[in-house]
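K.L.:
Below is a structure I'd like to ask you about.
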Amino acid sequence: MGLLTVTSPHAHGPQSVTRVMRAVLLATLPGVAVMTYFFGPGTLLNIIAGGLVALALEGLVMRLRQRQAGPYLRDYSVLVTSTLLCIALPAYTPWWIVAVGVASSVLLGKHVFGGLGYNPFNPAMVGYVVLLISFPVQMSAWPAPRGLAEVPSLGDSFVAFFQANQYDGITMATPLDLLRQNQGELMSELTSSRAQFGALAGVGWEWINIAFLAGGLWLLYQRIFTWHAPVAMLAALTLSALLGYDGGSSTSGGPVMVHLLSGATIFGAFFIITDPVSSAVSNRGRLIFGAAIGVLVYLIRAFGNYPDALAFAVLIMNFAAPFIDHYTQPRVYGQGDKR
Amino acid sequence: MRKIHDIHGGIHPPERKALSRPGELQTPPMPGRLVLPLSQHIGKPAQPVVAVGDQVLGGQLIAEAEGPVSVPVHAPTSGTITAVDRFAIPHASGLEDCCVEIAPDGTDRWVELNGIDDYRAFEPSELVSLARNAGIAGMGGAGFPTAVKLMAREGRSIDTVIINGTECEPYITADDTIMQCQPREIVLGAQMLAYIVGAEHIVIGVEDNKPTAFAAMRDAASGIDNRIEVVSFPTKYPSGGEKQLIEILTGKQVPSGGLPSDIGILCNNPGTAVAIYEAIANGRPLTRRIVTLTGEALQNPGNFEAMLGTPISHLLDAAGYRAEQNNRLIHGGPMMGFALHSADIPIIKTTNCILAPTEQELPTPAPAQPCIRCGMCAEACPAELLPQQLYWFARAKDNDSLEQHNLFDCIECGACSWVCPSQIPLVQYYRAGKAAINEARQEKVRSDRSRARFEARQERVEREAAEREAKRAQRKAAAQRKAEGSDGEDPVKAAIARAKARKQAEESTE
Ligand code: SF4
Ligand code: SF4
């Protein structure tokens, strides 16, 4: 009769790695759309090119490891990695930098450790940090957002993409750059005198962050991850910024809203630190993990040398995740109250 | 109103219960043979008291309990004993075990049954032995001997009897059906259980996807006994796990490694309550049960009141089995049942469901992908474990970490595997892990025992050597005394020498 004799459970739910990864990709769409609106098609180009490089590399590695490449390419996980990295890159990064970044993410961030599921560090952030250290100039060349300058056309974008060295369009310090470079101005002076500051945070950036928030909330609703890490990170960042605001003095760490809605804050909270593989496992662990990233992001922004701090904060906490796990084993049914 | 508590985790798999039309009970045709395993319960197998060629009547004892944790077996109908031998039994690994085979004669003649009218006139212990003699083992899950659960235990009193009418496994409607068809017997059985253990409360818990059964139970209970509460609570898998149901209904948790009786609770299945009622009120032993036959490979799925020992193939035929569409045969439900190796296996006291799905319905599992540590399994786990960590440890065969992460609190409900996007057969790893740890523990007991034996032997050898040595010393002393020609001259000296020899002997045994 040829009966299957597998063990229970015999039923399986609808969830699959492919569905999870596809949901993450879909959820980036609002954010990417708003980025494209404010900065032009650069980010889109990066995502597409980065994705191609990522797929090619993944296929190659799987060939080398003598596995079937098909299932690994179809699960979208490598596309998630490359897409998240490309979103974090400045919109008009030259192609070869994109390629180096994606290669670092896929090879150094993931396959060196044994592939999907085995990477202790967030692969997108590994790629980002490699680029930030190797190409600091290009990595801080953010174009000026719509409203402050002309947005490049598709043609310009291609030109910029294939340029040899660095973006020669109009670049502009981001709000976080301005905070870091601030020399003795009161917060109120700074935010009112610079065109980059908008109603809530930075022009363009505030909307980009809000769009990523929408995508992130949708993922939360889809139960792709739990609320613990993002909420903890945003709460910790808010608290740190409040403590460091110092009444808006010239040595202030900057307004809370600017911290929350600038740079990679929201994108990081919902798309980067929620990477399950490299974060803490229990809910309590994820609270700690997220909160620590929030504090680190603030500290690096306020006192460090890098304009945005997310990548470093995430990598540091990736490193700490196993220790967090060790100390946050959840209380088990019937084991009494030892929470 | 009783407060309903929520449990951690849980899932909502498709229920598929309407397929087997709960509430309609069919009787299959008389099978050509019955195969009754002597071990349909947890504990020692029963001992056969019949031989090949014997004629038996329905209800006649054919195998008696062996010791206190064992359950007797009775003939479900009249016929001839045709074999006492090893046959395949319902088991995940296709085991064979000792069984009694009966060829029914078709007349269904029974022994005379003597029930008792007023159970309250009897001592609880007398009722417990009625339950024991009726061959009752838990009919919902593992088949623990019911009489053992009922026996009074030092320092533990039961205040609540719970009747577990949750039936949270998808597909299965056997309890739903018995609650609709025999609610009165369930209530009476529950009252008897409460009388036996001296409980003050009776709670009948029904998931809210069974409104007809709930109404039937409520109507049966109302006006009979105001200690009885019939409670409905939200459907969620695995609310019917004993520990989970206890938390839902009482808010209390059974301590890890403990029993419900540790917190004053006795939990039984509706089928078991009916069996208790039948045993006490009618003197009828447990020889039949309701089995759900379901799945899309059956033309006529439904609930069948089947004699224990009926071959599954016989029931499948009665339900319109289309073997060519069936991809696996499951004993139990899709979440916790096990796959059978063939249909030539009898149903037993714990068989609540035979599921014959098509490939489309329950597809062959996809190859597992790596764990992405998404934590969905931990969100789903009713025992609040970290299934992904257990998985890593199980793969690494790290038994210490497995125990530290409370592997033994896993109830093998399968919720984690069900949600896992990487389709990892997690429960399989936990079963293997538990088996390995149990094996290691037994190994340790064995080696402790043989070490103890070795040490005892060593000690004996040394002691004997020392005794020989002491005797020789004594002889030597005596010879010396003789040589000195002062036999008995100095008793003090002699005593000292004796004491010395004794001391020496003692030292050398140490
Ligand atoms: S659900 Fe599966 S993939 Fe996700 S953490 Fe658990 S075991 Fe890993
Ligand atoms: S099978 Fe075990 S680990 Fe998995 S959800 Fe159930 S209790 Fe938790």
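The values are calculated or read from the model by the stated rules, or taken from the named source; none is laboratory data. Since the structure is predicted, the reported quantities are computational estimates derived from the model, not experimental observations. Note: ideal-geometry Cβ built from the backbone for every residue, glycine included; neighbour counts use all protein chains shown. Just so you know, the surface numbers come from the protein's heavy atoms only, side chains and all, with ligands and any DNA or RNA stripped out. Shrake-Rupley method; radii C 1.70, N 1.55, O 1.52, S 1.80 Å.
K.L.:
Treat each spin label as a single point 7 Å out from the Cα along the C-beta direction, and report the B:Q442 to A:E185 distance in nm.
P.N.:
Reported label-point gap for B:Q442 and A:E185 is 7.8 nm.
K.L.:
Counting only the heavy atoms of the protein chains, how much of B:D344 is accessible to a 1.4 Å probe, in Å² to the nearest 10?
P.N.:
We get 90 Å² for B:D344.
K.L.:
Something else: Across peptide B:11-23, how many C-beta atoms of other chains are within 10 Å of each residue C-beta, on average?
P.N.:
Mean partner shielding for this stretch: 1.
K.L.:
So, in nm, how far is label B:N114 from label B:Q47 when the simple model puts each one 7 Å beyond its Cα toward the Cβ?
P.N.:
2.4 nm
K.L.:
For chain B, which DSSP H helices look membrane-span-like by this rule: Cα extent along the axis of 20 Å or more and mean Kyte-Doolittle of at least 1.0?
P.N.:
Membrane-span-like by this criterion, though nothing is claimed about a membrane: B:183-197.
K.L.:
Hey, another quick one. Can you check what the net charge comes to around B:A297, using other residues whose Cβ is under 12 Å from the Cβ of B:A297 (Lys, Arg +1; Asp, Glu -1)?
P.N.:
For residues surrounding B:A297, the net value is -2.
K.L.:
Right, another one. With both partners inside the protein assembly as shown, how many of the DSSP beta bridges are antiparallel, as a percent to the nearest 5?
P.N.:
Beta bridges within the protein assembly as shown, antiparallel portion: roughly 60 percent.
K.L.:
Can you give the calculated 222 nm mean residue ellipticity of chain B, where each DSSP H run of n ≥ 4 adds -39,500 (n - 2.57) and the sum is split over every residue, rounded to the nearest 500 deg cm²/dmol?
P.N.:
My calculation for chain B gives -11000 deg cm²/dmol from helical runs alone.
K.L.:
Chains A and B: how much accessible area gets covered up at their contact, both sides added, probe 1.4 Å, in Å² to the nearest hundred?
P.N.:
Buried surface at the A/B interface: approximately 4300 Å².
K.L.:
Once you measure Cβ to Cβ distances between cysteines in chain B, which Cys have no partner under 4.7 Å?
P.N.:
By the Cβ distance rule, which asks for a partner under 4.7 Å, the isolated cysteines are B:C98, B:C99, B:C168, B:C181, B:C267, B:C353, B:C371, B:C374, B:C381, B:C410, B:C413, B:C420.
K.L.:
Which value at 222 nm does chain A reach when only helices count, each DSSP H run of 4 or more adding -39,500 (n - 2.57), with the total divided by all residues and rounded to the nearest 500 deg cm²/dmol?
P.N.:
Result for chain A, helices only: -17500 deg cm²/dmol.
K.L.:
A further question follows. Using a 1.4 Å probe on the protein heavy atoms only, what accessible surface does B:M151 show? Give it in Å² to the nearest 10.
P.N.:
Roll a 1.4 Å probe over it and B:M151 shows about 80 Å².
K.L.:
Per the 1.4 Å probe, what fraction of the accessible area of the stretch A:173-326, in percent, lies on carbon and sulfur atoms?
P.N.:
Carbon plus sulfur share of accessible area: 67 percent.
K.L.:
Right, something else. Greater than 28 Å separation of Cα atoms is the criterion. Which listed pairs, B:K17/B:K44; B:K3/B:K44; B:K210/B:K243; B:K149/B:K252; B:K44/B:K397; B:K44/B:K236, meet it?
P.N.:
Correct reply: B:K17/B:K44; B:K3/B:K44; B:K44/B:K397; B:K44/B:K236.
K.L.:
Taking all protein chains in place and a 1.4 Å probe, what share, in percent, of the accessible surface of the stretch A:1-97 do carbon and sulfur account for? Don't jump to the answer; show the numbers that get you there.
P.N.:
Values: 2580 of 3960 Å².
Reported share for carbon and sulfur atoms: 65 percent.
K.L.:
Compute the signed sum of charges (Lys and Arg +1, Asp and Glu -1) over the other residues within less than 10 Å, Cβ to Cβ, of B:A394.
P.N.:
On the way: positive: B:R395, B:K397, B:R431, B:K434; negative: B:D398.
Neighbourhood net charge equals +3.
K.L.:
Using Cα atoms only, what is the angle between the long axis of helix A:42-64 and the major principal axis of chain A, expressed in degrees (0 to 90) to the nearest 10?
P.N.:
30 degrees
K.L.:
Using a simple spin-label model with points 7 Å from Cα along the Cα→Cβ vector, what separation in nm is obtained for B:R468 and A:T238?
P.N.:
8.7 nm
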